[in-house]
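To keep things clear, I will list the structure first and then write my remarks on it.
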Amino acid sequence: MTIDIKGLTKHYKEIVVVDQLSLCIEKGEFFALLGQNAAGKTTTIKMLCGLLPPTDGDAMLDGESIVHHQVAAKKKINISPQETAVAPNLTVLENLLFMGQIYGCSKIEAKKRANAQMILFGLTPRQSSKAKTLSGGYMRRLSVAMAMMSNPKILFLDEPTLGMDVRARRDLWKILSQLKGEVTIVLTTHYLEEVEVLADRVGIMHRGKMRALGTIQQLMHETKKHSLEEVFLELTEEDSL
Ligand SMILES: Nc1ncnc2c1ncn2[C@@H]1O[C@H](COP(=O)(O)OP(=O)(O)OP(=O)(O)O)[C@@H](O)[C@H]1O
Ligand SMILES: [Mg+2]
């Protein structure tokens with residue numbers, strides 16, 4: 001198992017944003033974390049990535065605790081955050097090389113990885129463009145490509161397709177499908193079609209708690225619904241708690 005979350009909790013003063021979350025994600029699994037706005041998805045991902053300290057609980061990332069072995073845990077993962085972390089005045093290639101440097105690659109190795117990522121993400125023709133001149137969709141592609149520069153075992157993608165046009169979104173799905181099985185991926189999105197295409201398993205968060213967990217088929221069966229959208233609406237209904 002690659003991710004083992006136990007009782008992960010985040011409070012802001014008296015407000016509980018993530019509430020005793022426990023969850024296991026297998027090696028190579030593609031896991032979709034769903035939930036309406038403010039459900040606690042980004043907070044969960046930030047805690048798992050070491051960007052935010054948990055109030056309580058812990059998680060093991062490929063055997064390393066995010067509380068007790070933060071540096072080792074961080075080496076296992078990378079993230080394409082909800083607010084993209086692309087440097088606007090650097091070119092596409094420079095952004096990728098910069099990430100390589102941060103992760104301690106030699107120049108030659110960084111160049112090699114950058115070229116491989118640019119090919120995979122269709123960014124080669126834009127390698128000399130400053131990031132600030134990219135469209136939103138290309139910016140997101142670059143953000144995911146940058147996250148892949150560290151060869152992570154676990155990749156967190158927080159709304160990677162936000163604002164992408166239909167084709168760009170499908171292109172990114174194709175790329176993510178290629179990564180499937182090799183990298184453990186945790187994705188958040190509000191586009192349920194993407195979950196249907198990509199995810200092995202789905203978790204639906206509601207008010208900081210995990211409301212449901214399973215394959216889409218299992219969730220439809222349990223709730224007697226005919227689509228993921230119906231399941232989602234049923235489980236996130238305020239009165240249904
Ligand atoms: N620094 C903070 N201080 C206080 N409350 C916060 C802070 N950061 C986040 N929150 C609150 O935590 C809750 C969960 O936020 P989070 O960003 O995790 O939601 P989300 O599920 O990612 O939502 P979205 O789908 O809109 O991205 C929200 O109510 C938010 O206002
Ligand atoms: Mg979010």
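Taking 7 Å along the Cα-to-C-beta vector as the label spot, tell me the E193-S177 distance in nanometres, rounded to one decimal. Roughly 1.4 nm, to one decimal. When you filter the GluC sites (Glu not before Pro) in the stretch 32-111 for DSSP loop state and at most 10 other Cβ atoms inside 10 Å of their Cβ, you are left with E83. Using a cut-off of 15 Å between alpha-carbon atoms, which aspartates and glutamates can reach K130, once sequence neighbours fewer than 8 places away in the same chain are excluded? Candidates past the 8-residue exclusion: E94.
Step through the table entries K112/K153; K13/K41; K27/K76; K153/K224, compare each Cα-Cα distance with 24 Å, and write down the pairs that go over it. Check vs 24 Å cut-off fails for K153/K224.
Between 0 and 90 degrees, the angle of helix 136-148 with respect to the longest Cα principal axis of the chain falls at about 90 degrees.
How high is the FRET efficiency between E238 and E94 when r is their beta carbon distance and R₀ equals 45 Å, given to the nearest 0.05? Given R0 = 45 Å and the Cβ-Cβ separation, E is 0.45. Taking a point 7 angstrom from the Cα of V67 along the C-beta vector, which residues in the stretch 11-27 have backbone N less than 20 Å away? Backbone N within reach: 11-25. Axis angle, to the nearest 10 degrees, between helix 92-102 and the longest C-alpha principal axis of the chain: 70 degrees. Sparsely packed loop sites in the stretch 207-240 (the trypsin sites (Lys or Arg not before Pro) outside DSSP H, G, I, E and B with at most 14 other Cβ atoms within 10 Å) comprise K224.
Modelled this way, with points 7 Å down the Cα-to-C-beta line, the labels at L51 and N115 are 3.1 nm from one another. Listed by chain and number, the lysines whose C-alpha is less than 23 Å from the C-alpha of K132, apart from same-chain residues fewer than 8 away, are K111. Only lysines eight or more places from K225 in sequence, or on another chain, were considered; those with a Cα closer than 23 Å are K209. Computed with a 1.4 Å probe on the full set of protein chains, the accessible area for D200 sits at about 60 Å². Of the three principal axes defined by the Cα atoms of the chain, the extents in descending order read 53, 41, 32 Å. Extension gain for Q36 to K107 (0.36 nm times residue separation, less C-alpha to C-alpha distance): 21.3 nm.
The values are calculated or read from the model by the stated rules, or taken from the named source; none is laboratory data. Because the structure is predicted, anything quoted here is derived from the model rather than measured. Heads up, the Cβs are rebuilt from the backbone with ideal geometry, glycines too, and the neighbour counts pull from every protein chain shown. The protein model used for the area step is the full one, side chains on, heavy atoms only, and it has no ligands, DNA or RNA in it. Shrake-Rupley method; radii C 1.70, N 1.55, O 1.52, S 1.80 Å.
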